[in-house]
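Derivation of every value follows stated rules applied to the coordinates shown; laboratory data play no part. Note that the coordinates shown come from a computational prediction; the quantities given were computed from them, not determined experimentally. Glycine gets a Cβ as well: all are built from the backbone with ideal geometry, and neighbour counts include every protein chain shown.
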Amino acid sequence: MDRFWLFISLAWRNIWRNRRRTLITFAAIGVGVWSMIVLAALMDAWAMSVFNASTKTLTGHGQIHATHYLDDPNVDHRFALPEGPLTALLDSEQVKAWSTRVRVPAIIQTERENSPVEIVGIIPARERGLSFIADAVHEGHYLQDPQDAGILLGRKLAQRLHTNISKRVVIMSQSSSGTIAERGFRVVGIFDAEQEETETSFVFVTQGQAQDMLGLDGDISEICFVMRELDSLPVFIQQLHRAAPELDIKSWSELEPFTNAILKISDGTIALWTVVMFILVAFGLVNTLLMAVFERAREFGLLQALGLKPHLILLMVLLESLLLIGVGVLAGLLGGISTVLAFRHGLDLGVLAKGATMFGAGRVLYPHLDIIQAAYIGLFVWGAGIFASLYPAWRAVRETPVASINKSQ
């Protein structure tokens, strides 16, 4: 054991023979590890922002519709809420929240402007914890009860229509009989959303008012639900299919393929960047160690001539690599963790927010420190770096002592 610590001490001294080269190597490895951790945290935050923005808007973790509704979302493709097994599953402990909705295309009109929208009839109390609506009303008030005759508009839509709180708007849509249904609503609330499209595309009324207006006689357009544990969603979807085989039941990944693609791109980007940074670090590390080996060829020859076993020289070079990589990795880990923690309360994208919302993300990202992921990155770079240093170490012992000594003269 004493000899082992002696070799560690010698290895530590050896890496500082060329201080400038060592510091540059430390910096290269540290910046590489730092960039991996920070990029992983930012990509995860971006992916979660896209996921949350998508699922909390109206999608939830899954939806149930009548057959063909998603292909042609009009009042003709409606269904009555099934009793029995389906509602029992939705009321089970594995579901955090669920609600029925009426959701059809419509035209909203004021005395000055009109615009195409989707009118969404909701049950106000059940939407809390299911979607963003209840928490997004920043002017006026949320719908009070199931028969509230008011309407909620997005801020951008209200500006486009030149209307505001307490003003009257008219909604027109196709009724269940095929005629045009028309009803006036009083604006009771203005909501803000992270994405401009949400503010201009949807208006919200109570489900009862929507059913009365459209003559649906209690029928609905969709059921939306959110799971307590997202991992249990695939099995739950299968259970719903068995309970109501005549209905169209889909998970969020089928309803929002773009969001699903963003999550896959995020994982792929992290893996690709890790590989790229490792390749760059490995080239720099191998170059540094080879230079050190060539400069010390005479020293290695003399050590072997004095009786030091080749495997001990190999051990010493590997220990130098271990220390060189270890310090760089440690610096990168500390820097990466500190950077992520500094933005844990939110990173406002500022002028980049508009571009981010085009890809479904919110204005503010919330990087989360995954200490296990950071540890994996550090261990991967460290282990892969040691593997890359095997060639320089092998070069240090492959020649005979006489050849090494003569080459250096």
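Descriptive notes on the structure:
- For region 148-159, 3J(HN,Hα) computed residue by residue from phi via the Karplus equation (6.51, -1.76, 1.60; θ = phi - 60°) reads 4, 8, x, 9, 9, 10, x, 4, 5, 5, 4, 5 Hz, glycine and proline entered as x.
- Point-to-point label distance, Glu246-Gln174, nm (Cα→Cβ direction, 7 Å offset): 2.2 nm
- Overall form of region 67-246 per C-alpha gyration tensor (a/c, 1.5; a/b vs b/c): prolate
- Anisotropy class of region 116-169 from Cα gyration tensor, a/c 1.5 cut: prolate
- Over 22 Å between alpha carbons, listed pairs Lys96/Lys250; Lys56/Lys96; Lys56/Lys250; Lys56/Lys167; Lys56/Lys156: Lys56/Lys167
- In percent, rounded to a whole number, the relative contact order of region 67-246 is 32, using alpha-carbon pairs under 8 Å and six or more apart.
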